[in-house]
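The values are calculated or read from the model by the stated rules, or taken from the named source; none is laboratory data. Keep in mind the model is a prediction, meaning the values are calculated, not measured. Note that we place each Cβ from the backbone using ideal geometry, even for glycine, and neighbour counts take in every protein chain shown.
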Amino acid sequence: MSAALLLTGGCRCGKSDLALRWAEAVAPQRAFVATSVPEDPEMRRRVARHRQQRGTGWVTLEYPLDVATGLRQAATAAQVAVLDCVTIWLSNLMADGLDADALLERVETLADLLRQPPLPVAVVTNELGQGIVPATPLGRAFRDVAGEANQILAGACRDVLLVVCGLPLPLKGATPEVLL
């Protein structure tokens with residue numbers, strides 16, 4: 001039976017690198033479910049660099065709004081998947097006009113899938129609640145919904161890791177051997 005691994009932590013703490021390393025140890029055919037919409041030159045360069053760093057053995061599936069469908073599609077194209085990242089996905093949904101209740105309905109749909117995923121999957125998300133209180137109502141609303149989403153997804157995943165300085169700290173379940 002497949003299981004889901006959630007990796008959370010601050011920006012640039014090593015979550016994605018650990019998720020990729022985990023997937024590479026799990027299977028040779030891997031899917032990267034991408035949520036980013038590269039709308040400016042700097043972001044396009046980041047995306048190109050990340051694709052190049054992943055190298056061979058990866059198929060990239062772009063699902064900025066419907067990540068559950070992206071994971072189902074990954075199961076037809078690969079043996080393991082990385083979903084990167086939930087925070088950007090939530091931002092895309094908010095920009096698409098969804099309110100907090102509608103966002104959390106989408107998160108519940110993803111959580112239902114992660115309880116029995118169609119393939120082993122690592123889910124990457126940012127922990128936003130340890131910083132300063134955002135100055136704007138929109139910033140506070142986003143921080144709040146991201147925190148609720150992370151709680152829902154952590155409840156659905158078998159293993160949850162907090163990543164700090166590139167080091168995985170188990171919050172739930174176990175740290176996969178390959179990440180020790």
Which residues, counting only those in the stretch 49-106, are at pLDDT 95 or above, assigned to a loop (DSSP other than H, G, I, E, B) and not charged (D, E, K, R)? Tyr63, Pro64, Leu65, Ala78, Gln79, Cys85, Gly97, Leu98
What single numbered condition from (1) β-branched (Val, Ile, Thr); (2) in a helix (DSSP H, G or I); (3) closer than 14 Å to Leu161 by Cα fails to hold for Thr8? (2)
If Val80 satisfies all but one of (1) within 16 Å of the chain's Cα centre (by Cα); (2) closer than 22 Å to Val163 by Cβ; (3) free of Cβ contacts under 8 Å to residues at least 40 places away in the same chain, what's the number of the condition it fails? (3)
Can you go through Val59, Val33 and tell me which one is surrounded by fewer than 19 Cβ atoms within 10 Å (Cβ to Cβ), in contact with a strand residue (DSSP E or B) (Cβ under 9 Å, 6 or more places away or on another chain) and among the hydrophobic types (A, V, I, L, M, F, W, C)? Val59
Qualifying position, being farther than 26 Å from Pro168 by Cβ, touching a helix residue (DSSP H, G or I) at 6+ places or on another chain (Cβ under 7 Å) and in contact (Cβ under 8 Å) with a residue 40 or more places away in the chain, among Leu113, Leu93, Leu65, Leu103: Leu103
Residue count, the stretch 116-137 (criterion: surrounded by fewer than 13 Cβ atoms within 10 Å (Cβ to Cβ), touching a residue at least 40 places away in the same chain (Cβ under 8 Å) and either under 14 Å from the mean Cα position of the chain (by Cα) or not in a loop (DSSP other than H, G, I, E, B) (or both)): 0
Which ones in the stretch 33-48 are of a type in the set (A, V, I, L, M) and at pLDDT 95 or above? Val33, Ala34
Condition (residue is assigned to a loop (DSSP other than H, G, I, E, B), of a type outside the set (Asp, Glu) and closer than 19 Å to Val33 by Cα) applied to the stretch 149-166: is it met by at least one residue? yes
